[in-house]
Structures are given as structure tokens and as C-alpha cells.
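Below: one structure, written as C-alpha cells.
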């Protein structure tokens, strides 16, 4: 006993349920020795640290903005008058909200650890990740386009079409829909592979940024910007001899189907006690 190299004993109390889970994981690891399992997990196991600093900062700012808006609402209710400055204050508050959201988006999807793991994902997982990013950036683009003068449904349809036409060599949304052989109601973004989705993500995010930086103020100008950015992305693909987006294969499974399958896998893992914290 005196010659043992490991002479420090660690003890940890657990519940019956936790013990059963540990035993299942030991079986999965292929060992019946708790010491071996515990030592391996304590030394080499993953530590998941969730950084909520951005979210906390955004929450604090939203509370301040909400207070200011409430004060405006109380004044309007008391006086029955809405002043031009009140409108400007509300617009300013909304701009702050979107700026905070934009700041978080610019960090979260492309942190180094996420980038490092992206290439290790299979194609379906890549599609899910990028499609999720596109949904968030599309929300930002819609708000920025509205601020740039794209107001009516018709103007927005023309604006969106222009971006696709720039990226797809003049093809409209309907053209792309037909080329992919999609049925009515099926969304083209849900039937894109990860490479095609990434091209569209770049189109969307760069258009949003350019509309803001150039302070575009008319619907026609915003539409022209969207087309130009889409065309620039297309030219970048051409310069590296890449495959044009319209020539990329259309996946058989939609994003919705992949999401359903992923949820079923997670549910099964939870039932089996195999669900990891980072999944």
C-alpha cells in the first residue's frame, strides 16, 4: 500500500439514478472498473462552459430600452399627443435592439471553436447549421431593408428577387424553384446543400451590412445593392473555379425533414441516457 503511486482518494456522493447512469456509461466505455472510468472522465472528459455574457449584456440593454419606451407611452397616454421626437426615440431604440442582435450574430456563428468543428460535421449537420444562420440574418436583412425604404410587399419581393438574380446569373426565385423541381410551398433555401447555403448566407449578410454602411434610403437603390452583392459573390465563385450555385445538386431531404430526424435521434439518446451536454 505504501508503494502505491495513486494514494489520494476522491469521493463523490451520487443518487441511485446517477449511479445507474454512471454504470451504463461504464458499459459503453467497455470497463467494469469504476476507478478506471472515473479517472479517465475526470482527466480527459469535456468541460462545457456556456458563455452568456453577450446575452446578459443584450438583456440589460433591452431593459433600458423598454423603460424608455414605457415612459414615452405614459406621456402619450397622459397628453394624448405623440410628438415627432417620440417617434425618433422609438426608432432609435429599435435600432439599438437590432445593433445588439447584429453584434451577437457576428460573434456567435463564427467563433473559432465553431469554425474548427464545422468541417468535422457531416453534410446534413452543415446544412442545419448554415440554414439556422440564414434564418437569423434574413430577419436582420428584412429590418435593414425596411429602414432603407423597402416598405411594401411588392417592393420586398422585387428586392429579394434581385439578390437571387445577382447570385444565380439572372435566374429569378421562380426559375430556381423550377430548376430544383420543387412543389408549390417548398422553399428553395430548404433544398440547398451546405455549399449553396453558404453562398446565400454571404449574399444576405453582406447585403445587410452594405445597406447600413451606405445608408441606402430608397427601395430602388436597396434592390440595386442586393443584385450587386449577389453578383459579386457569383464572381468570387467564378474566380476560384467553383461550381455555380444553380449547378449544385439539390438534396433529397428538406431542412424540415433533417430537423425532425435530428429531434428523434436526440429524444432516443435522452431515453438511452446517452445525450451529451453539447448536443
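The values are calculated or read from the model by the stated rules, or taken from the named source; none is laboratory data. Being a predicted model, the structure only gives us computed values, none of them experimental. As a convention, Cβ positions derive from the backbone with ideal geometry for all residues, glycine included, and neighbour counts pool all protein chains shown.
Of the residues 195, 243, which is at pLDDT below 95, assigned by TED's automatic domain parsing to the domain that holds residue 132, closer than 19 Å to residue 123 by Cβ and more than 24 Å from the chain's Cα centre (by Cα)? If you could, list the steps in order and put the result at the bottom.
Numbers: 195 fails: more than 24 Å from the chain's Cα centre (by Cα).
Exactly one residue qualifies, and that residue is 243.
Residue 169: surrounded by fewer than 17 Cβ atoms within 10 Å (Cβ to Cβ), in a loop (DSSP other than H, G, I, E, B) and in contact with a helix residue (DSSP H, G or I) (Cβ under 7 Å, 6 or more places away or on another chain), yes or no?
Judged against the criteria, residue 169 is a match.
Report yes if residue 24 is outside the structural domain of residue 92 (by TED's automatic domain parsing), assigned to a helix (DSSP H, G or I), out of contact with any helix residue (DSSP H, G or I) (no Cβ under 9 Å at 6 or more places or on another chain) and modelled with pLDDT of 75 or more, otherwise no. First the steps, then the outcome.
On the way: outside the structural domain of residue 92 (by TED's automatic domain parsing): yes; assigned to a helix (DSSP H, G or I): yes; out of contact with any helix residue (DSSP H, G or I) (no Cβ under 9 Å at 6 or more places or on another chain): no; modelled with pLDDT of 75 or more: yes.
Spelling it out, it is not the case that residue 24 is outside the structural domain of residue 92 (by TED's automatic domain parsing), assigned to a helix (DSSP H, G or I), out of contact with any helix residue (DSSP H, G or I) (no Cβ under 9 Å at 6 or more places or on another chain) and modelled with pLDDT of 75 or more.
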If we keep only residues of the stretch 233-257 that are in contact (Cβ under 8 Å) with a residue 12 or more places away in the chain and outside any loop (DSSP other than H, G, I, E, B), then the residue nearest to residue 177 (Cα to Cα) is 246
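Identify all residues within the stretch 177-201 that are in a helix (DSSP H, G or I) and over 14 Å from residue 251 (Cα atoms); write none if there are none.
At the first step, the residues of the stretch 177-201 found to be in a helix (DSSP H, G or I) are 177-179, 188-191, 194-201.
Of everything in the stretch 177-201, those that are in a helix (DSSP H, G or I) and over 14 Å from residue 251 (Cα atoms) turn out to be 178, 198, 199, 200, 201.
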Members of the stretch 213-227 that are part of a helix (DSSP H, G or I) and either closer than 18 Å to residue 157 by Cβ or touching a helix residue (DSSP H, G or I) at 6+ places or on another chain (Cβ under 6 Å) (or both): 219, 220, 221, 222, 223, 224, 225, 226, 227
